[in-house]
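S.K.: So that we are looking at the same thing, I have put the structure below in structure tokens.
The values are calculated or read from the model by the stated rules, or taken from the named source; none is laboratory data. Treat the numbers as computed from the prediction; the structure is a model and nothing was measured. For neighbour counting, all protein chains shown are included, and Cβ atoms are generated from backbone atoms with ideal geometry for every residue, glycine included. Side chains included, ligands, DNA and RNA excluded: accessible areas come from the protein's heavy atoms. Shrake-Rupley method; radii C 1.70, N 1.55, O 1.52, S 1.80 Å.
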Amino acid sequence: TDGDGLSDSEEISRGTNPSSADSDGDGLTDFQEIYTYYGHIDPLDPDYDGDGLNDYEELVIYGTYPRENDCDGDGLTDKEEVDLGTNPLLADSDADGIHDSYEVNYGWNPLDGANAGQDLDEDGFSNLAEYRWFMSPTVSNTIPYQQRLIVKAAGSNSIPTITTINYSLITGALGDNS
């Protein structure tokens, strides 16, 4: 009756409205939600993944996947990314090496890559280094999370001291487990 491509009997059996081509009002027809997009988006739920963007917005406007609320896996929902102006399909919208959610959590602009090279806590490690090493960019007394960092010069049996501005990370001889 509604011209969405589903018979009235199929609409009744699926619980959709045979008098409305779009039972959930998200801008996609019931037929599209059942048969066209990604194998069965619920035609009775306008926001299948619950991220705040309706299924039409995800598919047609932003190109995101309506069955996944964080398409780029960066910790921000697709809707949060849209609201921030970041790309919901890129974990690192400014391509500075730091995920958008991390930048947002520390109050940085996820669209400005300059913060990666900065050293917020002035401990000698850039914000990018602290992100990569699971350190706090706001606490200057943190050291890298790695258990051991060994740099051995070619042809050498000793382990040199590796020093940053504020920290001596490792010293000792090869085989020394202390």
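S.K.: Anything in segment 81-97 that is surrounded by fewer than 20 Cβ atoms within 10 Å (Cβ to Cβ) and in contact (Cβ under 8 Å) with a residue 24 or more places away in the chain? List them, or say none.
M.R.: Matches in segment 81-97: L84, G85, L89, G97.
S.K.: Then there is this: With the checklist (1) crowded, with 20+ Cβ neighbours inside 10 Å; (2) aliphatic (A, V, I, L, M); (3) farther than 23 Å from P110 by Cα in hand, flag the one item L53 doesn't pass.
M.R.: Exception for L53: condition (3).
S.K.: Residue check, G27 against (1) surrounded by 17 or more Cβ atoms within 10 Å (Cβ to Cβ); (2) of a type outside the set (S, T, N, Q); (3) closer than 25 Å to E81 by Cβ, all met but one. Which one?
M.R.: (1)
S.K.: What residue, of I34, I41, I12, is outside any loop (DSSP other than H, G, I, E, B), touching a Lys or Arg at 6+ places or on another chain (Cβ under 9 Å) and either of a type in the set (A, V, I, L, M) or open to solvent by less than 70 Å² (accessible area, probe 1.4 Å) (or both)?
M.R.: I34
S.K.: Mind listing just one residue for me: the one in segment 124-141 that is in a loop (DSSP other than H, G, I, E, B) and touching a helix residue (DSSP H, G or I) at 6+ places or on another chain (Cβ under 8 Å) and, of those, nearest to L84 (Cα to Cα)?
M.R.: P137
S.K.: Look through segment 18-64, keep the residues that are touching a helix residue (DSSP H, G or I) at 6+ places or on another chain (Cβ under 7 Å) and aromatic (F, W, Y), and return whichever of them is modelled with the highest pLDDT.
M.R.: Result: Y62.
S.K.: While we're looking at this one, here's another question. Y37 passes all but one of (1) under 15 Å from the mean Cα position of the chain (by Cα); (2) under 30 Å from G5 (Cβ atoms); which number fails?
M.R.: Tallying (1) under 15 Å from the mean Cα position of the chain (by Cα); (2) under 30 Å from G5 (Cβ atoms), Y37 fails exactly one: (1).
S.K.: So, in segment 60-80, exactly how many residues are outside any loop (DSSP other than H, G, I, E, B) and either open to solvent by 30 Å² or more (accessible area, probe 1.4 Å) or on the phi > 0 side of the Ramachandran plot (or both)?
M.R.: Qualifying residue count for the region: 5.
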